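Bear in mind that the values in this text are calculations on the coordinates, not laboratory data. Please read all numbers here as calculations on a predicted model, not as lab measurements. Note that each Cβ is placed from the backbone with ideal geometry, even for glycine, and that neighbours are counted across all protein chains shown.
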Amino acid sequence: MTATVYTGIAELSTLDDELGRLHDAALVVEDGRVAWLGARGSAPDADARVDLGDRAVLPGWVDTHSHLVFAGDRAAEFEARMAGRAYEAGGIGVTVAATRAASELELERGAARLRAEAARQGTTFLETKTGYGLDLATEERSARIAAGIADTVTFLGAHVVPAGIDRRDYLDLVTGPMLAAVRPHVQWIDVFCERGAFDVEESREVLLAGRAAGLGLRVHAAQLGPGGGVALAVELGAASADHCNFLSDTDIDALAGGSTVATLLPACDLSTRMPLAPARALLDAGATIALATNCNPGSSYTTSMAFCVATAVLQQGLSVDEAVLAATRGAARAVGRETGPDAVGSIRVGGRADFQLLDAPSLVHLAYRPGVPLTVATWRAGAREPG
Ligand code: NIG
């Protein structure tokens, strides 16, 4: 076992129970885990020494909402939207057609490219979903590819009802043979509970089938308008309700009173010209929030968690600490990984050594210098990511 001591840490934000920032700190990593952290002057000896140049270190980002297995892009749709056309879930069908037509290698390469792009920008834990196959073979292939590149995978066969199949028949397929086919590759089930996708009772049916198969629950809720998705997520104890743009006071109270994390997707809100999710109101009510990229070719084609953090600070009323917490530990809670031996989203002794180095003296610069790619190195389980 080789231990490495990292010194020259101007500010170490552990995001552990003590949320404070340590100054002039050091970190020892051994066997992929954090062995020691504290003041630089008290750091123990180690086999190797790395000077990080008086810069800031914080946990790697935990991105809990992405759709990375797809082919093609929808730049033309985006351009039309920026010229005034409304976002509609119907665009999903364009990506479904391209994904079904793509080879396995093409899909694998596309997903791996985005995973590597995210890692270069500090993401050390990533969830991704199926949902651009929407037939048994392509959903199974998507789930298998997703499992090869992501830390945890969600089955989103219930994204929309694809063209050419009866609604009831499709629900039977999703909750029966399709679920069985993807089951070896996935840990979660999700449903797009929205007008134009699945209503509350259909969503309940999908989620309960997933639960019976041993999967955790997630819900796309209140993205395009108000509805019953958030209430359903809380009622069923889903780990996360994602999007949350159109929340009633009752929804906010329910999230605050339940165990479901509200996962907010600010890059998607901007890219679809939807109202930004009410992050401040959720926090003030006592809810746990997460921030995620929702990287996908239709509504949010970015892997940048730093962009989401900066937006949450500059436009959604969060402090820098609140936004960083939402993109790390809050997000870890949204995938059931906040505590325990496999915990992510914080830097703690005994925990997995997932961290990033900013070319800045403090994490405040993430919002103070928006749009500047500040992450210059990322370590995942103690190993430095390429790039
Ligand atoms: O999370 N809301 C549904 N699914 C994706 C959008 C997918 C698309 O437009 O291709 C989302 O925004």
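With θ taken as phi - 60° and the Karplus curve 6.51 cos²θ - 1.76 cosθ + 1.60 applied, the whole-hertz 3J(HN,Hα) list for segment 276-285 is 4, 4, x, 4, 4, 4, 5, 5, 4, 7 Hz, x standing for glycine and proline. Gain on full extension, evaluated as 0.36 nm per residue between V372 and I165 minus their Cα-Cα distance, stands at 69.9 nm. Between D45 and L270, the distance separating the two model label sites (each 7 Å from Cα on the Cα→Cβ line) works out to 5.0 nm. Scanning residues 5 or more positions from D16 or on other chains, those with amide H under 5 Å from its amide H are I347, with H placed 1.01 Å from N in the peptide plane. The phi torsions of segment 209-221, fed into the Karplus equation with coefficients 6.51, -1.76 and 1.60 and a -60° offset, translate into couplings of 5, x, 4, 4, 8, x, 8, x, 10, 9, 9, 7, 9 Hz, rounded to whole numbers, with Gly and Pro shown as x. Over all orientations, the chain has a Cα convex hull whose mean projected area works out to 17.9 square nanometres. Two decimals, Cα atoms only, Kirkwood Rh: what is Rg/Rh over segment 37-132? Rounded to two decimals, Rg/Rh equals 1.19. Each helix, a run of at least 4 DSSP H residues, gives -39500 (n - 2.57); summed and divided by the residues of the chain, these come to -9500 deg cm²/dmol at 222 nm.
The mean sequence separation of alpha-carbon pairs under 8 Å and at least six residues apart, normalised by the residue count of segment 246-387, gives a relative contact order of 18 percent. Scaling the Cα radius of gyration of segment 200-258 by the globular reference 2.2 N^0.38 Å produces a ratio of 1.05. Scanning residues 5 or more positions from H65 or on other chains, those with amide H under 5 Å from its amide H are E127, T293, N294, with H placed 1.01 Å from N in the peptide plane. Under the simplified labelling scheme, the H23-A101 pair shows an inter-label distance of 5.9 nm, with each label point 7 Å from Cα along Cα→Cβ. Measuring between their Cα centroids, segment 282-327 and segment 344-371 lie 15 Å from each other. Distance between the 7 Å Cα→Cβ label points at L314 and M82: 1.5 nm. 3J(HN,Hα) along segment 153-161: 10, 10, 8, 10, x, 8, 8, 9, 7 Hz, from the Karplus curve 6.51 cos²θ - 1.76 cosθ + 1.60 with θ = phi - 60°, whole Hz, x for Gly and Pro. Per-residue packing, averaged as other Cβ atoms within 10 Å, sorts the ranges 254-261, 237-244 into the order 237-244, 254-261, beginning with the highest. Taking amide hydrogens as placed 1.01 Å from N in the peptide plane, the amide H of G157 sits under 5 Å from those of D190, each at least 5 positions away in sequence or on another chain.
Normalised by the number of residues in segment 68-334, the average gap of Cα pairs under 8 Å and 6 or more apart makes the relative contact order 14 percent. In this entry, segment 214-333 is assigned a mean projected area of 6.8 nm², taken as a quarter of its C-alpha convex hull surface.
Taking the average, over residues, of other Cβ atoms within 10 Å as the packing measure, peptides 169-175, 227-233 rank 227-233, 169-175 from highest down.
Computed over every Cα-Cα pair of segment 1-78 and binned at 5 Å starting from 0, the pair-distance distribution P(r) comes out as 3, 13, 20, 18, 12, 6, 5, 7, 8, 4, 2, 0 percent.
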